[in-house]
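S.K.: Quick one: the structure is below, and I'll ask about it shortly.
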Amino acid sequence: MNQLPKLNGRIKVGHYHAIPQARANLYQAIRKRLGLNRMQLAKVLKLKYEALRYRERTKRTYHPCEIVVLYQLSGMTSDEFMQLLNDIA
């Protein structure tokens, strides 16, 4: 039987307010990696500026389709993207 990898974190359960604040924001991390300002990234993602601002400043959870789109946009390898997710978690 295969050995499971040892994890250095745990999944937080409970109420939404009990989830710890992330170290960084995925939208912002991708935007900065691409060297774009908010207006430029909003245009690429076909979002209003205010919607992107909300996603960068307030939003704490992501829908899987958001993660996939940001991964595709980033141009990163899957390993690089997973490392980014780990770093900002």
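S.K.: Residues 30, 67, 19: which one is surrounded by fewer than 16 Cβ atoms within 10 Å (Cβ to Cβ), under 17 Å from residue 87 (Cα atoms) and modelled with pLDDT of 95 or more?
M.R.: Numbers: 30 fails: surrounded by fewer than 16 Cβ atoms within 10 Å (Cβ to Cβ); 19 fails: modelled with pLDDT of 95 or more.
Of the residues listed, the single one that is surrounded by fewer than 16 Cβ atoms within 10 Å (Cβ to Cβ), under 17 Å from residue 87 (Cα atoms) and modelled with pLDDT of 95 or more is 67.
S.K.: Could you go through the stretch 46-67 and let me know if any residue there is among the β-branched types (Val, Ile, Thr) and over 16 Å from residue 24 (Cα atoms).
M.R.: If we filter the stretch 46-67 for residues that are among the β-branched types (Val, Ile, Thr), which is where we start, we get 58, 61, 67.
Now narrow it down to the ones that are over 16 Å from residue 24 (Cα atoms): none.
Looking through the stretch 46-67, none of the residues is among the β-branched types (Val, Ile, Thr) and over 16 Å from residue 24 (Cα atoms).
S.K.: Return yes or no: is residue 40 at pLDDT 75 or above, surrounded by 10 or more Cβ atoms within 10 Å (Cβ to Cβ) and among the polar types (S, T, N, Q)? Show your work before the answer.
M.R.: Details: at pLDDT 75 or above: yes; surrounded by 10 or more Cβ atoms within 10 Å (Cβ to Cβ): yes; among the polar types (S, T, N, Q): yes.
Considered against the rule, which asks whether it is at pLDDT 75 or above, surrounded by 10 or more Cβ atoms within 10 Å (Cβ to Cβ) and among the polar types (S, T, N, Q), residue 40 comes out as yes.
S.K.: Another one. For the stretch 43-64, how many residues meet the condition of being outside any helix (DSSP H, G or I), loosely packed, with under 13 Cβ neighbours inside 10 Å and under 15 Å from the mean Cα position of the chain (by Cα)? Lay out the reasoning, then the answer.
M.R.: Going through the stretch 43-64, the residues outside any helix (DSSP H, G or I) turn out to be 46-48, 58-63.
From what is left, the residues that are loosely packed, with under 13 Cβ neighbours inside 10 Å are 46, 48, 58, 60-61, 63.
So of that shortlist, the ones also under 15 Å from the mean Cα position of the chain (by Cα) come out as 58, 60-61, 63.
Residues that pass the stated criteria total 4.
S.K.: Which ones in the stretch 46-80 are aromatic (Phe, Trp, Tyr) and either closer than 16 Å to residue 23 by Cβ or in contact (Cβ under 8 Å) with a residue 40 or more places away in the chain (or both)?
M.R.: First, the residues of the stretch 46-80 that are aromatic (Phe, Trp, Tyr): 49, 54, 62, 71.
The answer is 62, and nothing else.
The values are calculated or read from the model by the stated rules, or taken from the named source; none is laboratory data. The model shown is predicted, which means the values in this text are computed figures rather than measured ones. Cβ sites come from the backbone with ideal geometry, for glycine too, and all protein chains shown count toward neighbours.
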